[in-house]
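**Q** Encoded as structure tokens, here's the structure I'll be asking about.
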Amino acid sequence: MEEIGKRLRRRLSKNTKNLATKTPNRRPGEPLPGNIKDVQTLIDDGLDPVHAAYASIQQISSHFAELASDWPELAPFVKSVCAAEEEYLPSGPPMSPLTGSYFWTWALYDLRFGKGQDTIATCQIGLNDIICLNSDQLDALQKLRDSRMGIYEHIGADGKRVRLRELLTGDEFVCHNGSGYSGRNGELWYVRLLPPLLPEQATYHIAFTTPYVLIGTTEGDWTNFLRRTLLQFKADSESEQLHQLMKYGPSSYYWHEFVFKAYHHHQDDAIFLTGIPDVRSGLPHA
């Protein structure tokens, strides 16, 4: 836990003496505090079970950020998010190419604020002895914290699921895509994948954000971009350099800028981008 997390701990520790120690009774399907839907309700709404578990935790993260947003400790977070909201109007096409799922996973799990490396997720995890997520919820939150966007080649179908192979690492994944877009062989996707929660029951990953399909460029174009851009990051391995690039970018809003400038068109289940981030002449809205 970094500086801001420690300051939040001091604040919360002073205000937890009179908290209830028992979970209040509620009817099945009744929202949790903050209007959060539980996993079963999300499944009943039509979400895949693994997707539902992650979506419930994201709601909890959002609620935590909302409750804490008035505290001075989170002023740097609020300032960064508000500036990004004003600049990019995240909501999804046609208003903005930045979808809510893309923007808020970035804000909650990638955006570092303060002088250290704090994110909303690292603060939540460090305070879990006070917040009291159960072990399954904490595991999902930790996986969300560790997740990042990535660039993947579509390499076929596995039943109703999609097979994706990440550029540079070559890692392959069988994925449930929550948007329903099935795509086709050879497409390049910019998307956030989340790993299985209970691998003994479900071995597939979750494509948690609506896929950004990269058109008008090739695998070679993107591989070359990644290799030259990785040189900006100091790390012990190429995979760690890639993690830093895709999670944090060279700057906080780097990937927002790309999505905004590269927007080409959209349909209900996918958004199409064209161009390479550092080749300005190829970006439609540069």
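**Q** For the stretch 157-177 and the stretch 41-85, what is the separation of their C-alpha centers, rounded to whole Å?
**A** If we compute the Cα centre of each part, the gap is 27 Å.
**Q** Rounded to the nearest 5, what is the percent of antiparallel bridges among the DSSP beta bridges in the stretch 116-205?
**A** Values: 14 of 15 bridges.
If I count the DSSP bridges inside the stretch 116-205, around 95 percent turn out antiparallel.
**Q** Assign one of three labels to the stretch 87-139, namely rounded, prolate or oblate, based on the Cα gyration tensor with a ≥ b ≥ c the square roots of its eigenvalues; rounded applies when a/c is under 1.5, prolate when it is not and a/b is larger than b/c, and oblate otherwise.
**A** Numbers: a/c = 4.18, a/b = 1.85, b/c = 2.26.
Note, shape of the stretch 87-139 comes out oblate.
**Q** Helix 238-248: angle to the longest alpha-carbon principal axis of the chain, degrees 0 to 90, nearest 10?
**A** 70
**Q** Taking springs between alpha-carbon atoms closer than 10 angstrom, which of Gly220, Gly150, Gly183 fluctuates most in the Gaussian network model of the chain?
**A** Maximum fluctuation in the GNM of the chain, among the listed residues, is at Gly220.
**Q** Shape verdict for the stretch 168-264, please, from the Cα gyration tensor: rounded (a/c under 1.5), prolate (a/b greater than b/c) or oblate.
**A** Numbers: a/c = 1.74, a/b = 1.26, b/c = 1.37.
The shape class here is oblate.
**Q** Moving on to the next point. Any lysines with Cα under 16 Å of the Lys143 Cα? List them, leaving off those in the same chain fewer than 8 positions away.
**A** Cross-link targets: Lys247.
**Q** Let me ask something else about it. Quick one: length gained pulling Leu12 to Asp45 fully straight, 0.36 nm per residue minus the C-alpha distance?
**A** Numbers: separation 33, 0.36 × 33 = 11.88 nm, distance 3.42 nm.
Contour length minus Cα-Cα distance gives 8.5 nm.
**Q** How far, in degrees from 0 to 90, does helix 75-88 lean away from the longest principal axis of the Cα atoms of the chain, to the nearest 10?
**A** In the chain, helix 75-88 runs at an angle near 40 degrees to the longest axis.
**Q** Still on this structure, please answer the following. Under a GNM of the chain (C-alpha, springs under 10 Å), which listed residue has the highest mean-square fluctuation: Gly216, Gly114, Gly92?
**A** Answer for the Gaussian network model of the chain: Gly216.
**Q** Additional query: Please give the solvent-accessible surface of Cys82 in Å², to the nearest 10, using a probe radius of 1.4 Å with every protein chain present.
**A** Answer for Cys82: close to 70 Å² accessible.
**Q** Roll a 1.4 angstrom probe over the protein heavy atoms and tell me the percent of accessible area of the stretch 150-286 that is carbon or sulfur.
**A** On the way: 2930 of 6410 Å².
About 46 percent, which is the carbon plus sulfur part of the accessible surface.
**Q** For the chain, set up a GNM with springs between Cα atoms under 10 Å and report which of Arg163, Arg227, Arg148 has the largest fluctuation.
**A** Among Arg163, Arg227, Arg148, the largest mean-square fluctuation in the Gaussian network model of the chain belongs to Arg227.
**Q** In addition: Please list, or write none, the lysines whose alpha carbon is within less than 17 Å of the alpha carbon of Lys79, excluding same-chain residues fewer than 8 places away.
**A** Lys115
**Q** In terms of modelled amide H atoms, which long-range or inter-chain residues lie less than 5 Å from the amide H of Thr209?
**A** So Thr209 has HN proximity to Arg192.
**Q** What accessible area per residue, rounded to a whole number of Å², is obtained for the chain using a probe radius of 1.4 Å? Mind showing how you got there, number by number?
**A** Numbers: 14470 Å² over 286 residues.
Heavy-atom accessible area per residue stands at 51 Å².
**Q** Within the stretch 135-214, report the GluC sites (Glu not before Pro) that DSSP leaves as loop and that have at most 11 other Cβ atoms within 10 Å. Walk me through the intermediate numbers first.
**A** Numbers: sites: Glu153, Glu166, Glu172, Glu187, Glu200; in loops: Glu187, Glu200.
Here the GluC sites (Glu not before Pro) that fit, given the DSSP loop and packing criteria, are Glu200.
**Q** Kindly identify the stretch 98-214 as rounded, prolate or oblate by the Cα gyration tensor criterion: order the square roots of the eigenvalues as a ≥ b ≥ c, call it rounded if a/c is under 1.5, otherwise compare a/b with b/c, prolate if a/b is larger, else oblate.
**A** On the way: a/c = 2.42, a/b = 1.62, b/c = 1.50.
Because a/c hits 1.5 or more and a/b exceeds b/c, the stretch 98-214 counts as prolate.
**Q** Whole angstrom only: what separates the Cα centroid of the stretch 223-255 from the Cα centroid of the stretch 192-210?
**A** That distance is 24 Å.
**Q** Report, in degrees rounded to the nearest 10, the 0 to 90 angle that the Cα long axis of helix 3-13 makes with the longest principal axis of the chain.
**A** In the chain, helix 3-13 runs at an angle near 30 degrees to the longest axis.
The values are calculated or read from the model by the stated rules, or taken from the named source; none is laboratory data. Treat the numbers as computed from the prediction; the structure is a model and nothing was measured. Note that each Cβ is placed from the backbone with ideal geometry, even for glycine, and that neighbours are counted across all protein chains shown. What goes into the accessible areas is simple: the full protein's heavy atoms, side chains included, and nothing from ligands, DNA or RNA. Shrake-Rupley method; radii C 1.70, N 1.55, O 1.52, S 1.80 Å.
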